[in-house]
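The values are calculated or read from the model by the stated rules, or taken from the named source; none is laboratory data. Just so it is clear, the structure is predicted and the values come from calculations on it, not from any experiment. Please note: Cβ atoms are built from the backbone with ideal geometry, for glycine as well, and neighbour counts cover all protein chains shown. Surface areas here come from the heavy atoms of the whole protein model, side chains and all, with no ligands, DNA or RNA. Shrake-Rupley method; radii C 1.70, N 1.55, O 1.52, S 1.80 Å.
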Amino acid sequence: MPLKAELHCHIEGAAAPELVIRQAQKYGRDTSRYIQNGSFVWHDFTSFLATYDFSSDLFRTEEDYARLADHYLTSLARDGAIYSEIFTSPDHASKAGLSPKAYTDALGEGMARAKAKTGIEGRMIVTGVRNAGVESIEQAARFAARCGHPLVTGFGVAGDERIGDLEDYVRAFEIAREAGLGITVHAGELMGWESVKAALDHIRPSRIGHGVRAIENPDLVRRIADEGVVLECCPGSNVALKVFDSFADHPFPALKAAGCKVTLNSDDPPYFWTSLKREYDIAAEHFSMNDKALAAVTRTAIEAAFVDRKTRSALLARLNGAAR
Ligand code: ADE
Ligand code: ZN
């Protein structure tokens, strides 16, 4: 089994339906509209976000979040992951009644528990949510910049790409960049290649969340390859959300062949019937990648991770040791 690393997973989106049902029982909420036959109910991106928001609202206390992070990272480690970056959303936590600091500390506690059990290294990327508005995104950036939590090493923007322009978020990203945080932004998932170009022009991220619709413009693909921007690809999510009709239509192999740095990620695993392990299995089955090629994807992820030099070297040493 190849060692794995994940750069793109929304922690609220990692909660399985069974866990969400347990949380709903705890807080006296009815899940029947959002979970049916053990599966989350959604039919497009808008209804996916509604179910995601409903479930997120059922994580309310520090222990709820600590257990969520512990559970997710422990399951990743059991599937062979040595590194995990999770997207956090202070906006969702605030709506559920927990301060950004208490939320972040709790997730950090869960990550520490998972590391103590399995050795998995983890970091947090604070995200602003586009559908929550520019002010909320800048607030998230200010929190990320000043929170001082040692595991918060990045800032990003997620949510509904159809809302707002990337230029609206330049100030938020500047706040984060000045604080020394790594930068990633969702683009080229729901919107076309123009959104990826706008991300590169205005936000200048080292990584792009998805970015796969860059494939619509060969000049842009060349630019991504030349600039060494890393794409956080989530094929299972893309096919579930019908960004592409099938894995055979997914541009992961074409982007890789064009020299783009590509990684494999689960996004919101139970919503899209996936896991990081399944993403590696999809790449093996549909993109003809053998264990050596998959290990190279893990290496790309570790090289692009928002970690200090010492941690990166230790992770690369683990990967090299496993390859021998
Ligand atoms: N938030 C959670 N999952 C997301 C996705 N796939 N795209 C954008 N925002 C998200
Ligand atoms: Zn995402």
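Some values worked out for this structure:
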| read-out | value |
| --- | --- |
| Accessible area of the range 188-324 belonging to carbon and sulfur atoms, whole % at 1.4 Å probe | 50 percent |
| Vicinal HN-Hα couplings computed from phi for the range 242-248 (Karplus, 6.51 cos²θ - 1.76 cosθ + 1.60; Hz; Gly/Pro x) | 6, 5, 10, 5, 7, 5, 5 |
| Segments 171-182, 288-299 sorted - mean Cβ within 10 Å per residue, highest first | 171-182, 288-299 |
| Cα-based shape type of the chain, given that a ≥ b ≥ c are square roots of the gyration tensor eigenvalues and the cut on a/c is 1.5 | rounded |
| Inter-site label distance for ALA258 and ASN37 at 7 Å from Cα along Cβ, in nm | 3.8 nm |
| Within-12-Å neighbourhood charge of CYS147 [Cβ basis; K, R +1; D, E -1] | +2 |
| Radius ratio Rg over Rh of the range 114-259, counting only Cα atoms, Kirkwood formula for Rh | 0.99 |
| Distance from the range 147-211 to the range 98-128 (C-alpha centre basis), Å | 21 Å |
| Highest-fluctuation residue, GLY154, GLY122, GLY228 considered, GNM on the chain with Cα pairs under 10 Å | GLY228 |
| Mean Cβ neighbour count within 10 Å, used as a protection proxy, ranking 229-237, 162-170 highest first | 229-237, 162-170 |
| Anisotropy class of the range 190-251 from Cα gyration tensor, a/c 1.5 cut | prolate |
| Accessible area (Å², per residue) of the chain, counting only protein heavy atoms and a probe of 1.4 Å | 40 Å² |
| Charge sum, other residues only, whose C-beta stays under 11 Å from ASN238's C-beta, Lys/Arg counted +1 and Asp/Glu -1 | -3 |
| MRE, 222 nm, helices only [DSSP H, n ≥ 4, -39500 (n - 2.57), over the chain, to nearest 500] | -14500 deg cm²/dmol |
| Relative contact order (%) - the range 220-324, alpha-carbon pairs under 8 angstrom, separation at least six | 25 percent |
| The range 44-189, relative contact order [Cα under 8 Å, separation at least 6], % | 21 percent |
| Mean separation of Cα contacts under 8 Å (6+ apart) over length of the chain, as relative contact order % | 18 percent |
| TRP273, TRP42, reordered so the largest accessible area comes first (probe 1.4 Å) | TRP273, TRP42 |
| Cα point-scatterer Debye curve for the range 11-109, base-10 log of I(q)/I(0) at q = 0.11, 0.21, 0.25 Å⁻¹ | -0.32, -1.12, -1.38 |
| Distant-in-sequence amide H partners of LEU7 (H built 1.01 Å from N, under 5 Å) | GLU85 |
| DSSP beta bridge pairing in the chain, given as percent antiparallel to the nearest 5 | 5 percent |
| Nearest-20 debye value, the chain charge dipole, Cβ charges on Lys, Arg, Asp, Glu | 1120 debye |
| By average C-beta atoms within 10 angstrom, highest first, the peptides 115-121, 212-218, 92-98 | 212-218, 92-98, 115-121 |
| Exposure of VAL262 as accessible area (Å², to 10), given a probe of 1.4 Å and all protein chains | 10 Å² |
| Cα gyration tensor category, rounded, prolate or oblate, for the range 258-311 with a/c compared to 1.5 | oblate |
